[in-house]
1. For Thr124, work out the one condition from (1) surrounded by 21 or more Cβ atoms within 10 Å (Cβ to Cβ); (2) not assigned by the TED database to the domain that holds Ala64 it doesn't fulfil.
2. Any residue in the range 53-71 that is surrounded by fewer than 24 Cβ atoms within 10 Å (Cβ to Cβ), modelled with pLDDT of 95 or more and under 22 Å from Leu103 (Cα atoms)?
3. Name the pairs whose Cβ atoms lie under 8 Å apart, with the first residue in the range 165-183 and in contact (Cβ under 8 Å) with a residue 12 or more places away in the chain, the second of a type in the set (Lys, Arg) and assigned to a helix (DSSP H, G or I), and 6 or more positions between them or separate chains?
4. With (1) touching a Cys at 6+ places or on another chain (Cβ under 7 Å); (2) closer than 20 Å to Gly65 by Cβ as the list, and Arg90 as the residue in question, which single condition is left unmet?
5. Any residue at all in the range 167-190 that is assigned to a helix (DSSP H, G or I), of a type in the set (Lys, Arg) and assigned by the TED database to the domain that holds Tyr228?
6. Could you say whether any residue in the range 151-161 is surrounded by 18 or more Cβ atoms within 10 Å (Cβ to Cβ), in contact with a helix residue (DSSP H, G or I) (Cβ under 8 Å, 6 or more places away or on another chain) and either of a type in the set (Asp, Glu) or under 18 Å from Phe218 (Cβ atoms) (or both)?
7. Looking for whichever is aromatic (Phe, Trp, Tyr), part of a helix (DSSP H, G or I) and in contact (Cβ under 8 Å) with a residue 40 or more places away in the chain here; the options are Tyr119, Tyr130, Tyr150, Tyr135. Which one fits?
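The values are calculated or read from the model by the stated rules, or taken from the named source; none is laboratory data. Quantities reported herein were computed from a predicted structural model and do not represent experimental measurements. Every residue, glycine as well, gets a Cβ built from its backbone with ideal geometry; the counts of neighbours run over all protein chains shown.
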Amino acid sequence: MQMSTKAGMLVLVLLILIPAVAAEDATDWYTKAQNAASAGDYTDAVIYYTNAISLNPTYDAAYAGEAAALNSLGQYSAALTAANQALAIRSSPTALGAQADALFYLGRYNDAIGAYTNYTAVVTNQQSAYCNLAYSYVQVNYTTQALATYSQCTNLNPNDPLVWNQIGLVDMSLGKYTDALNAFNKATALTVNNAEIWNNKGEALVALGRYQDAVPCFNTALTLNPTYTAAQENLNAAMGKGQVYTYTMTPTPTESRWYLGGITPTSATPTEVAVSLENITQVVQTATPVTTIQATTPVPTRTTYTPLSPVPVLAGLGFAVFLLVRIRRGKNR
């Protein structure tokens, strides 16, 4: 009787302890989230980051990673909430970048300007951040600042035709038609398959009075996109030699993403410089926040507890006491 009772108690203890040893802690969930984000599985990454935060409510790295993953899913309001909570604990390049991206895609360009300025003060070689900053300047009519910032984009990557197209559009808005033509020439030298760029180049030539030179540009745009209404109208205007033409600035925003653990966009590797972040102003979230907890430290540290519930432990201990009482009563008989 005693041997079988002792064996039963041993099995019970093992059943209690084994799940506790195998249970995952905050660092395990964070590592899973990083791997999922690296593989492009942002939905699972968000779940894993949330699990890590639930076990360690001050895990700022997990919160920053969650913000970046939410941006990748297009959930910009939730991403902004997560980024702000991460920055409330500690400023990091990932959190700054995620905050800037969320503001940018929410159309809050004035706030995005401040956020990207903070980010580019820390990470100096991220072309997409400069491009988004320049586009934000355009949206609030700070064209001079936009041109200066686009120059930083071309310094980092002079072979991006879309950036040269953006520069040309800003020059057109400023009446700098020769500069605009130079920019469009660089763009068409890098790609010949973009109808919008050919149309824009034709518009610059028309603005300079070079109607005959503009006609082939509009024809090329129409060859690439036969339903391009603006190019057809501009072609008709150019052939009419003197009709008024119009153009619109409709550049496509450049998307930038940041992740923790050395996972960065495929362009350039971010380089941090020694810049004090103590005075960075946090952006106040105005959208409905997501139901997440707060964030933590950038270096993963194992927690001292596991997600095992105390209920089975207490139940097991109660059963063990019950068995001991039965054994003693048996001896007394």
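1. With respect to (1) surrounded by 21 or more Cβ atoms within 10 Å (Cβ to Cβ); (2) not assigned by the TED database to the domain that holds Ala64, Thr124 is out only on (1).
2. Checked the range 53-71: no residue is surrounded by fewer than 24 Cβ atoms within 10 Å (Cβ to Cβ), modelled with pLDDT of 95 or more and under 22 Å from Leu103 (Cα atoms).
3. Gly168/Lys201; Leu181/Lys201
4. So the condition that Arg90 fails would be (1).
5. Checking the range 167-190: at least one residue is assigned to a helix (DSSP H, G or I), of a type in the set (Lys, Arg) and assigned by the TED database to the domain that holds Tyr228.
6. yes
7. Of the residues listed, the single one that is aromatic (Phe, Trp, Tyr), part of a helix (DSSP H, G or I) and in contact (Cβ under 8 Å) with a residue 40 or more places away in the chain is Tyr135.
For every residue, the table says whether it meets (1) within 30 Å of Ala100 (Cα to Cα); (2) crowded, with 17+ Cβ neighbours inside 10 Å; (3) modelled with pLDDT of 90 or more.
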| site | (1), (2), (3) |
| --- | --- |
| Thr178 | no, no, yes |
| Glu233 | no, no, yes |
| Lys241 | no, no, no |
| Pro253 | yes, no, no |
| Thr266 | yes, no, no |
| Ser276 | yes, no, no |
